[in-house]
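Reviewing the structure listed below.
Read-outs throughout are calculated quantities, based only on the coordinates presented, and are distinct from any laboratory measurement. These figures come from a predicted structure and were not determined experimentally. All Cβ positions, even for glycine, are placed from backbone atoms using ideal geometry, and neighbour counts span all protein chains on display.
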Amino acid sequence: MDVAQNEGVHVSVIEASLSRLLGTPGVTGAALVDAVTGLTYCVVGDALETGDGVGTAELVAVITDRVGQAGAGSELESVVVTTARRYHVIQSVRRTGDPLLLVAALDRGRTNLALAMRQLDAHAAGVLA
């Protein structure tokens, strides 16, 4: 198998993993983003709702910087942005190498945020498995 085929297999596995998130009540879109470069590896569901990978990575970098300046020495786990109709959740995916971000867009009217956060956290742990 050449590199392009090998990368296609990895993308298919990631896409299948992310697609399972769409079964979570209220999840309308999900993406896997490189936290350093902002490269979006895969998007499922509504791509417009998950946002731009570069913008997401920049937002997380700014928040991480500010949290560090405030004296919180631990790693950022997640960011939740709320609007009148949506939740936008960014979950850190722990792994060796460059960090990844699991991004999910949720319909606020159909989502229990606490339950969705637990499911996203559990899913982030296995997204690359």
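Long-range amide H contacts for Leu39: which residues qualify at under 5 Å (H placed 1.01 Å from N, peptide plane, sequence gap of 5 or more or a different chain)?
Under 5 Å from the amide H of Leu39 lie the amide H atoms of Asp34, each far enough along the sequence or on another chain.
Mind listing the phi-derived Karplus ³J(HN,Hα) values for region 59-67, rounded to whole Hz, using 6.51, -1.76 and 1.60 with θ = phi - 60°, and x for any glycine or proline?
4, 5, 5, 5, 5, 4, 4, 5, 5
Output ³J(HN,Hα) for region 15-20: one whole-Hz value per residue in order, computed from phi by the Karplus curve 6.51 cos²θ - 1.76 cosθ + 1.60 with θ = phi - 60°, and x for Gly and Pro.
4, 4, 5, 5, 4, 4
What trypsin sites (Lys or Arg not before Pro) does region 20-129 have in DSSP loop regions with at most 10 other beta carbons within 10 Å?
Hits after loop and neighbour filter: Arg85.
Under the definition of Cα pairs under 8 Å and six or more residues apart, what whole-number percent is the relative contact order of the chain?
The normalised contact order for the chain reaches 27 percent.
Rounded to the nearest 20 debye, what is the charge dipole size of the chain about its Cα centre when +1 sits on each Lys and Arg Cβ and -1 on each Asp and Glu Cβ?
On the way: 9 positive and 14 negative charges, 117 e Å.
Computed about the Cα centre, the dipole is about 560 debye.
Using the Kirkwood formula over every pair of different C-alpha atoms, what hydrodynamic radius in Å results for region 22-129?
About 13.9 Å for region 22-129.
Just to be sure I understand: with springs between alpha-carbon atoms less than 10 Å apart, which residue in Ala116, Ala61, Ala105 has the highest mean-square fluctuation in the Gaussian network model of the chain?
In the Gaussian network model the winner is Ala61.
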